[in-house]
1. Quick check: residue separation of B:Y85 and B:R68 times 0.36 nm, minus the Cα distance between them. What number comes out in nm?
2. Multiplying the sequence separation of A:E43 and A:W72 by 0.36 nm and subtracting their Cα-Cα distance, what value in nm do you get?
3. Work out the FRET efficiency for A:W10 and B:R60 from their Cβ-Cβ distance, taking R0 = 22 Å, and round it to the nearest 0.05.
4. So for chain B, if I pair up every lysine 8 or more residues apart or on another chain, how many of those pairs have alpha-carbons under 20 Å apart?
5. Show which lysines lie in cross-link reach of A:K27 when reach means a straight Cα distance below 19 angstrom and same-chain residues fewer than eight apart are skipped.
6. Just from its helices, what would the mean residue ellipticity at 222 nm be for chain B, if runs of 4 or more DSSP H residues each count -39500 (n - 2.57) and the sum is divided by every residue, rounded to the nearest 500 deg cm²/dmol?
7. Express the relative contact order of chain B as a whole percentage, based on alpha carbon pairs under 8 Å and six or more residues apart in sequence.
8. From the mean inverse distance of alpha carbon pairs (Kirkwood) and the Cα radius of gyration, derive Rg over Rh for segment B:1-53.
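Computed from the coordinates by the stated procedures, all read-outs in this text should not be read as laboratory data. Since this is a predicted model, take the numbers as computed values, not measurements. Note that each Cβ is placed from the backbone with ideal geometry, even for glycine, and that neighbours are counted across all protein chains shown.
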Amino acid sequence: MANSKLQALWNHPAGPKTIHFWAPTFKWGITIANILDSSKPPEQVSYAQQAAIMGSGLIWTRWGTVITPKNWNLVSVNFGMAVTSMFQLARKTQHDYLSSNDQQGEQAASESIEDQ
Amino acid sequence: MASFRAFWNSPVGPKTTHFWGPVANWGFVAAGLADMSKPPEKISGNMTAAMCVYSALFMRFAWMVQPRNYLLLACHVSNETVQLYQLSRWAKGQGYLPQKKDEAATQ
């Protein structure tokens, strides 16, 4: 019985033999990259890139619940992207603008503005 | 007008989810382009490599999904190009790729 269930999953039209499985599965790489980068200095975080990840993550989280059939894999991976990017954005914003050491904050802020 | 109306009412048009999701993903391309002028030290190797694999997979996904989604395909082709370029900039900055003549001397 277990065998035929596994076989059904293996041969599923959106299963592991298809791109419909691997593309959304690999999308977790973006969230994992963000988690790995969470310990990097905030100067190396890109406002533009994290904003793009957050926007895309939020929109696809919503759409994953609206499409037929609901795709919880899609919802969860995009939710993960949105959460990690918001964390990165919060970290960078706090470092650049809300730092208790004002001089350091201003320096960092002008640094990131110059680079953009 | 007729072609606009056809687009407006298309099964992958602006009244559907098949349209706005891919539109959101153009943000990655825009961000990549905005970051082209940044010094390579600021590029995240992790994230850029992840984006390269991600867009490669989703080019195929956009082609195979029903209905075929050309907007998503175009988005990921563009993103793949931009991210590969950024990855090469990062790799050169890290010393993984041979640099041009005079820069190699300083290494």
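1. 3.4 nm
2. Values: separation 29, 0.36 × 29 = 10.44 nm, distance 3.42 nm.
My answer for the length gained is 7.0 nm.
3. Working: r = 20 Å, r/R0 = 0.89.
The value I calculate is 0.65.
4. Values: B:K38/B:K92; B:K38/B:K100; B:K42/B:K92; B:K92/B:K100; B:K92/B:K101.
Lysine pair count for chain B: 5.
5. Filter leaves A:K17, A:K70.
6. Rounded to the nearest 500, it is -23000 deg cm²/dmol.
7. Working: 88 pairs, mean separation 30.6, N = 107.
Rounded, it is 29 percent for chain B.
8. Details: Rg = 16.6 Å, Rh = 13.6 Å.
My calculation of the ratio gives 1.22.
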